[in-house]
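Down below is the structure, laid out as structure tokens.
The values are calculated or read from the model by the stated rules, or taken from the named source; none is laboratory data. As the structure is a prediction and not an experimental result, all values here were calculated from the model. Here the Cβ positions follow ideal geometry from the backbone for every residue, glycine too, while neighbour counts run over all protein chains shown. With ligands, DNA and RNA removed, areas are computed over all heavy atoms of the protein, side chains included. Shrake-Rupley method; radii C 1.70, N 1.55, O 1.52, S 1.80 Å.
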Amino acid sequence: MGKVKIKRKSTLIDMTAMSDVTVLLLTFFMLTSTFLQKEPVTVITPSSVSEVKVPTANVATILVSPEGKVFISIAGDADPENKDTWGSEAIRMEVLQKAVAEYNRLHPGKKVELSQKDLETFSKMNMFGVPMAALPTFLNLSQTEQDKVISDMSRADVGIPIDDNKNLETPNEFQIWMRAIYSSGNDNLQAAMKKGEGIAVKADRGTPYSTVHHVLDNLQTLKMNRFSLMTALKTEQD
């Protein structure tokens, strides 16, 4: 007796629906994700149990590298399309002009001169950190060259100069920048700084305390006594 042949069924699976779902999920995550801004140095923040999120708009972030170099990032209003608000680029340009004007007033013998192109270049920078006198040269570099310079922590022309100055008649460069940010004209940012939501300090857990103390002491000298310290959420291993 011959064997009964079993008719093979097709194993073809229609993946159209799966492809559609994958594309939809990918689009969703791309539109809802918050991309991390580029920073000149990787900072591993200390751990804590705080779950309060630092705002992404109307905030000045102060980054302190493990080597003690200080950088500042400025973010304006979240809706730059609204004519009644300050976008990040507009506020950075205003801050730069105010900071340079104050620096030139204090240092008439070595004034910093910037072109409109320099202002526009600066307005697109998320984070900056070079001495005021080095700004013109730095802003004329290509993006690749800027990244190379600002990521070299061994250079003397990297990092915003800071010391333990208490005399605000002759502020140091860090104090000049923070004053310019506060008086930029953005009422929302100024209100956030008054409430302690507009200033965030981010330091590496290996940064010498003396450097972090300089930053905090300078903020207190400026009467900016309310600010956030950025930390990583503590885990069971911490």
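Residues of the range 108-137 that are closer than 24 Å to P171 by Cβ and free of Cβ contacts under 8 Å to residues at least 12 places away in the same chain: P108, G109, K111, T137. Considering G198, G185, which residue is touching a helix residue (DSSP H, G or I) at 6+ places or on another chain (Cβ under 9 Å) and surrounded by fewer than 18 Cβ atoms within 10 Å (Cβ to Cβ)? Testing whether each residue is touching a helix residue (DSSP H, G or I) at 6+ places or on another chain (Cβ under 9 Å) and surrounded by fewer than 18 Cβ atoms within 10 Å (Cβ to Cβ) leaves just G185. Considered as a group, the residues in the range 62-93 that are surrounded by 21 or more Cβ atoms within 10 Å (Cβ to Cβ) and of a type in the set (D, E, K, R) include one that is farthest from T207 (Cα to Cα), and that residue is R92. On the stretch given as the range 79-105, residues that are of a type in the set (V, I, T) and at pLDDT 95 or above total 2.
A single entry from L168, L233 fulfils the requirement of being of a type in the set (A, V, I, L, M), within 16 Å of Y103 (Cα to Cα), at pLDDT below 95 and open to solvent by 20 Å² or more (accessible area, probe 1.4 Å): L168.
Of the residues D164, D147, D157, which single one is acidic (D, E) and out of contact with any helix residue (DSSP H, G or I) (no Cβ under 7 Å at 6 or more places or on another chain)?
Every option except D147 fails the conditions.
Of all residues being of a type outside the set (F, W, Y) and buried (at least 19 other Cβ atoms within 10 Å of the Cβ) in the range 99-113, which is nearest to the chain's Cα centre (by Cα)? Just the residue, please. Per the stated criteria, the residue is A99. In this entry, M132 is excluded by the filter for residues that are surrounded by 13 or more Cβ atoms within 10 Å (Cβ to Cβ) and out of contact with any helix residue (DSSP H, G or I) (no Cβ under 8 Å at 6 or more places or on another chain).
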